[in-house]
Each structure stands twice: as structure tokens, then as C-alpha cells.
Amino acid sequence: MLQARMNALYRQNRESYSHQDLETFAEFKAGLNSGTIRAAEPDGEAQPQGWRVNAWVKRGILVGFRLGRSVDMSDAGSRFRFIDKSTYPPRDLSLDDSVRLVPGGSSLRDGCYLGRSVTCMPPMYVNVGAYVDDGTMVDSHALVGSCAQIGKNCHISAAAQIGGVLEPVGALPVIIEDDVLVGGNCGVYEGTIVKRSAVLGAGTVLTRSTPVYDVVSGAVLRAEGDDPLVIPERAVVVPGSRPIKSGRGAEMGLSLYAPVIVKYRDARTDARVELESLLR
């Protein structure tokens, strides 16, 4: 079983790796590229997040770094040099993949999955272990980090940063569910989950240590213990601030950054988001 073999390789010393182990890793990486192997996947029994992490997949990705050697990956005749692990070259695509990779400096690392009708606008980057589902657009200067999971028909807008989380291997990566709009210059990090059909306004930053204030329900959303920060379905989140109420900060009239859920998606919001489909 591939899972058992990858776990065994993870426990081995790199000095003992063989050519057969490289073949095992190649089989594993082919599963990442096809989407049959994922670092995390939906699980209705995993509450409150609804996702489970596949730690063995993360171990397998780390094995790839141990197995590889640094090689020159520069284009022939280019003045620019690129050095990376031999096990993680740029990913090849063909017309049969039905992915639009627009010319202009984008990069896909081998071991990532791109679904049908995904659009990649230059320059952007998708790292190893990431999963980008059907119909999603990854816009210019956007990053999809290692092991991040992006759902169907999402728009990852220009300069948005979707963090990954490769280590620790048991930690849930960043999850963006179906039909989410991530606005320009947003950052989603540290295993945050953005549930289906949510909208992140431009410049919104979400981390484990940043509470989110829901002015609709009056709740304050936080990451608690091992549970991640979870943005509810159809929530519309924008950057906000909250005043410091004591000490020198209060005396100086300072405020802290605070993401705010200002409403939940309605027909007007849906109409604005619908315009995104014209770009695909």
C-alpha cells in the first residue's frame, strides 16, 4: 500500500534511499498531480471544520525533498538561473488538462493538482501539494501555498496570498471552499478555513491569532486550541479596526486591525460576484 510505503520512507535516513524509493515517490507524486491523493479532504464528521488532514501525504511531500538533489532548472540560453530539488521540477501541462496557463512568468510546481477549466493569470505560483479545483481562477501575483486546498469556481484575486502549512504534518492546511471570492491583496494563513460562497474584501488578512467580529450575529470568531479559525458560509468579510481600550495605546488613540463580517451574501452580492465568470 502506497501510504505504508511513504510512511516507511519518512522514517528512513536519507542515506539509505534507493532507486526503487524514487520510483515509489514518482507514483506518489503522480497521485498528487491527478488529484487522487490530497493533503486534506472534506470529512463531514470532522467538526467544526468539516475537513481532515492526511498527514501521510505531507510526510510523502517531505520525503520528496530528501530524495531530491539540487539541479539547474534554467532554460537553455537564459541569463537567469533557477536551482531546485530534482524531485520537484515545474509541472508539465498539455491541452488535455484543460487548464489555461497564460504566458508571462507563472510557475506550477510538480505535485500540485489543477482541475478542469482552471485559469492561471501571470505571474502566479502554485506550490507542491496544493489542490485547485475545477473552474477556479488564480489571478496575477497570487500564491497558492504548499498543501492549500482551493474549491470549485473560486477567484483568487490579484496579489492574494493563500498560505499552505506543510509542517507540522498533522496540522490542517489553509482551506478555501467552493465559490469563494478572495479579494486583491488578501492573506489567508495558518490553517484558516473559508467556507463555501464567502467573500473576502480586498486587503482582508486572516490568521489564527486574529479574531473576526461578526456584526450581524454579535459573535467573535477565533481559533481555539487545535481548531482553526473558520469563516462561515456566505459571510462577507472586510478589513476593519477596533480601538485599544487601556494603557498607552488608548492614550494615543490607537486601534488594532480587525476583520469584520459586515453581512452575509445576498442577491446584490451574488450579482457582483457573477461578473467574475465573464473573465474565465
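The values are calculated or read from the model by the stated rules, or taken from the named source; none is laboratory data. Not measured: the values here are computed from a predicted model. Cβ: placed from backbone, ideal geometry, glycine included. Neighbour counts: every protein chain shown. Side chains are part of the model used for accessible areas, which takes the heavy atoms of the whole protein and leaves out ligands, DNA and RNA. Shrake-Rupley method; radii C 1.70, N 1.55, O 1.52, S 1.80 Å.
Does residue 146 satisfy being in contact with a strand residue (DSSP E or B) (Cβ under 9 Å, 6 or more places away or on another chain), over 21 Å from residue 199 (Cα atoms), surrounded by 20 or more Cβ atoms within 10 Å (Cβ to Cβ) and modelled with pLDDT of 95 or more?
Details: in contact with a strand residue (DSSP E or B) (Cβ under 9 Å, 6 or more places away or on another chain): yes; over 21 Å from residue 199 (Cα atoms): yes; surrounded by 20 or more Cβ atoms within 10 Å (Cβ to Cβ): yes; modelled with pLDDT of 95 or more: yes.
Considered against the rule, which asks whether it is in contact with a strand residue (DSSP E or B) (Cβ under 9 Å, 6 or more places away or on another chain), over 21 Å from residue 199 (Cα atoms), surrounded by 20 or more Cβ atoms within 10 Å (Cβ to Cβ) and modelled with pLDDT of 95 or more, residue 146 comes out as yes.
Of the numbered conditions (1) in a loop (DSSP other than H, G, I, E, B); (2) surrounded by fewer than 21 Cβ atoms within 10 Å (Cβ to Cβ); (3) at pLDDT 95 or above, residue 104 satisfies every one except a single condition; which is it?
It is condition (3) that residue 104 fails.
Pick from the stretch 216-237 the residues that are within 13 Å of residue 264 (Cβ to Cβ) and touching a Gly at 6+ places or on another chain (Cβ under 9 Å): which of them is surrounded by the fewest Cβ atoms within 10 Å (Cβ to Cβ)?
236
Does residue 35 fit the bill of being within 15 Å of residue 86 (Cβ to Cβ) and either in contact (Cβ under 8 Å) with a residue 40 or more places away in the chain or in contact with a Ser or Thr (Cβ under 6 Å, 6 or more places away or on another chain) (or both)?
No; evaluated as a whole, the condition is false for this residue.
Condition check: in contact with a helix residue (DSSP H, G or I) (Cβ under 7 Å, 6 or more places away or on another chain) and of a type outside the set (Lys, Arg). Does residue 26 satisfy that?
no
If residue 198 satisfies all but one of (1) at pLDDT below 95; (2) in contact with an Asp or Glu (Cβ under 8 Å, 6 or more places away or on another chain), what's the number of the condition it fails?
Of the numbered conditions (1) at pLDDT below 95; (2) in contact with an Asp or Glu (Cβ under 8 Å, 6 or more places away or on another chain), the odd one out for residue 198 is (1).
Can you tell me which residue within the stretch 1-57, out of those that are β-branched (Val, Ile, Thr) and in contact with a Cys (Cβ under 9 Å, 6 or more places away or on another chain), is least open to solvent (accessible area, probe 1.4 Å)?
Looking at the filtered set, the residue picked out is 57.
Looking only at the stretch 153-171, count every residue that is open to solvent by 30 Å² or more (accessible area, probe 1.4 Å) and either within 13 Å of the chain's Cα centre (by Cα) or of a type in the set (Val, Ile, Thr) (or both) and tell me the total.
Selection size over the stretch 153-171: 3.
Residues 117, 140, 197: which one is within 16 Å of residue 49 (Cα to Cα), surrounded by fewer than 24 Cβ atoms within 10 Å (Cβ to Cβ), hydroxyl-bearing (Ser, Thr, Tyr) and out of contact with any Leu (no Cβ under 8 Å at 6 or more places or on another chain)?
197
Working only within the stretch 200-215, note down all residues that are part of a loop (DSSP other than H, G, I, E, B) and open to solvent by less than 10 Å² (accessible area, probe 1.4 Å).
204
Tally the residues that are under 27 Å from residue 21 (Cα atoms), open to solvent by less than 60 Å² (accessible area, probe 1.4 Å) and outside any strand (DSSP E or B), restricting the search to the stretch 78-92.
Summing the residues that are under 27 Å from residue 21 (Cα atoms), open to solvent by less than 60 Å² (accessible area, probe 1.4 Å) and outside any strand (DSSP E or B) in the stretch 78-92 gives 5.
Does residue 66 count as closer than 24 Å to residue 114 by Cβ, outside any loop (DSSP other than H, G, I, E, B) and among the basic types (Lys, Arg)?
no
Give the stretch 238-269 a look and list any residue that's aliphatic (A, V, I, L, M) and loosely packed, with under 13 Cβ neighbours inside 10 Å, or say none.
Correct list: 250, 252, 254, 256, 267.
Would you point out which residue out of 134, 75 is of a type in the set (D, E, K, R), open to solvent by 40 Å² or more (accessible area, probe 1.4 Å), farther than 26 Å from residue 168 by Cβ and within 15 Å of the chain's Cα centre (by Cα)?
Working: 75 fails: within 15 Å of the chain's Cα centre (by Cα).
One residue alone meets the criteria, 134.
Cβ contacts < 8 Å: first residue at pLDDT 95 or above, restricted to the stretch 247-268; second residue in a helix (DSSP H, G or I), any location; separation 6+ or different chain. Result?
Between residues of the stretch 247-268 that are at pLDDT 95 or above and residues that are in a helix (DSSP H, G or I), the close pairs are 263/269.
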